[in-house]
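To keep things clear, I will list the structure first and then write my remarks on it.
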């Protein structure tokens, strides 16, 4: 009888332990399910908030299109910094967040894609060499510069004008040679400072030259001779127009705080470039002839062969927009092209702060 009671007590103890284990297991499973449910709900909320911030940014883009169209209906033939689109960064409060945006003229900076070599330039180079031999070296590299694109000459001059540490004429030419090789369609090195597939494939982490247009200024980081310090120094002066080798600088939208770019474009002194920008009125020049007839410009000796670089109206613009909604943030960069002052096409969008 006593043995039977002891056996019964043992069985009750095992049952109790089993029940406790089951309860503990259910509690763990329930807590895990609750935690996962909370994570899923937070994830869904984050996606929803981020999507709303994205649509706020798209709204900023649509608003910018309307601003540009309205501007060019009022002034069809001129683009200048006195227009409403050029008011700098503007922020608007919205429900549970803010929207901010800034429109910039992509023709107020040097388009790096303009350094892309033409599809066939051998004949042009031969003629240029013949003329260079006839005239002689009026400047140190006069005959050589005749075979270079105007944008390439301007970039070389800009690198020198910025007085960057350890950047001489030789290093500047090497950088423009490497950039030209990165952009052109062939695999041949353009000159001594150039770089093509063999140079990039021999690196510790090998890759190939793009042989195509740049998509971003940040792409300079993988091109030979360009260092982070040099890229940071030239970023305010250069830009990238997607899939376009256009080299047309709007003299009306050049920043008067960056005369080094105009100095490079005109092959002038810094003082002459500053004087030209200071003589420009708030609404710029109505025609390109007004710019060429400016006394500060007419006295320049090298202006005749550089006139084709300048315009007074623009067709490429970039919008830096950002939006926040319930602690979610979205940043986007849109490149827009204006056609016939009536239509605006978004030719590229880049997500992110840079």
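So the values come out like this:
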| quantity | calculated |
| --- | --- |
| Hey, residue 230 under 25 Å from the mean Cα position of the chain (by Cα), in a helix (DSSP H, G or I) and crowded, with 20+ Cβ neighbours inside 10 Å or not | yes |
| Elements of type helices (runs of 4 or more DSSP H) contained in the stretch 238-310, each with 3 or more residues being within 19 Å of residue 162 (Cβ to Cβ) and not assigned by TED's automatic domain parsing to the domain that holds residue 220 | 259-266, 270-279 |
| Selected residue [crowded, with 16+ Cβ neighbours inside 10 Å, within 30 Å of residue 69 (Cα to Cα) and either assigned by TED's automatic domain parsing to the domain that holds residue 82 or touching a strand residue (DSSP E or B) at 6+ places or on another chain (Cβ under 7 Å) (or both)] from 342, 337 | 337 |
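Each row is one residue, and each column tells you yes or no for (1) touching a residue at least 60 places away in the same chain (Cβ under 8 Å); (2) under 19 Å from residue 148 (Cβ atoms).
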residue	(1), (2)
174	no, yes
184	yes, yes
192	no, yes
195	no, yes
198	no, no
204	no, no
212	no, no
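The values are calculated or read from the model by the stated rules, or taken from the named source; none is laboratory data. Bear in mind that the values here come from a model prediction, so they are computed numbers and not experimental data. A quick note on method: Cβ atoms are made from the backbone with ideal geometry, for glycine too, and the neighbour counts reach across all protein chains shown.
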